[in-house]
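Report on the following structure.
The values are calculated or read from the model by the stated rules, or taken from the named source; none is laboratory data. Since the model is a prediction, treat every value here as computed from it, not as a measurement. Every residue, glycine among them, receives a Cβ derived from its backbone with ideal geometry; neighbour counts consider all protein chains shown. The area values use the complete protein model at the heavy-atom level, side chains included, leaving out ligands, DNA and RNA. Shrake-Rupley method; radii C 1.70, N 1.55, O 1.52, S 1.80 Å.
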Amino acid sequence: YVFVNFFAPWCIWCQRLEPTWEAVAEEVERMNEESDVENIDVSIVKVDCVANRNLCGAQRIQAFPTLRFFKDAQQYGIDYKLDRTVAAMIAFLTQKVSLEKTMEDWHPRRRQRMLEIKEHPGNFHIEARSLNHNLNAAMTNLSHVVNHLSFGTPLAKDVVRKVSKYSQFQSGTPLDGGTFMTRDYHQAHHHYCNVVSTHFEVAAL
């Protein structure tokens, strides 16, 4: 087993993690040396993604730091997302090793990112961000789904029901439910729409 920290030297989150990562390595070594403590047969490794760009590209590292567990040179489970403390990581490794025989291999899941909307006159931008990672823009896939996009004060449910039969209202949210896929990294769809102020006289409906 190998627990790998994929990092970039310029990443502030990686710099903050460094002393904790070293402490985890020391704790694993101590546990493996003491006979009265359960052994964790895991190698603690760091990979500089600036110096090893091809390796990190092959691993599809999209944010720094990425903490990933490997078994037999293959990713085993999803990337580590728990607390970045020595106690939390040791507990994770202990559980991972002890339950290994009963766990099935998991496929990597998509990283969920927080979206921050910045308002500008005439346009707005949605940017992929994370509270605990620096995203690797060169390896980020920006495919997305627009669940809902509208402007103005939301209408009450009874009002929506009354006006939904009119075509003007139905075309008011053309992006809703749309899936926008891109096969290339570091590319995104641009959406263009006209926002027209519309008023409904509900009382007469």
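Please go through the stretch 11-49 and give me each residue that is of a type in the set (A, V, I, L, M, F, W, C), modelled with pLDDT of 95 or more and out of contact with any strand residue (DSSP E or B) (no Cβ under 8 Å at 6 or more places or on another chain), ordered by number. Once the filter is applied, which keeps residues that are of a type in the set (A, V, I, L, M, F, W, C), modelled with pLDDT of 95 or more and out of contact with any strand residue (DSSP E or B) (no Cβ under 8 Å at 6 or more places or on another chain), the stretch 11-49 yields only A23. Filtered by the rule that a residue be out of contact with any Leu (no Cβ under 7 Å at 6 or more places or on another chain) and either open to solvent by less than 40 Å² (accessible area, probe 1.4 Å) or part of a loop (DSSP other than H, G, I, E, B) (or both), the stretch 29-43 gives M31, E34, S35, D36, V37, E38, N39, D41. The residue of the stretch 44-54 that is surrounded by the fewest Cβ atoms within 10 Å (Cβ to Cβ), among those that are hydrophobic (A, V, I, L, M, F, W, C) and within 21 Å of the chain's Cα centre (by Cα), is V50. Residues of the stretch 6-21 that are open to solvent by 30 Å² or more (accessible area, probe 1.4 Å) and under 19 Å from V50 (Cβ atoms): F7, P9, W10, I12, W13, Q15, R16, E18.
Count of the stretch 172-188 residues, restricted to those that are exposed (fewer than 13 other Cβ atoms within 10 Å of the Cβ) and touching a strand residue (DSSP E or B) at 6+ places or on another chain (Cβ under 8 Å), is 3.
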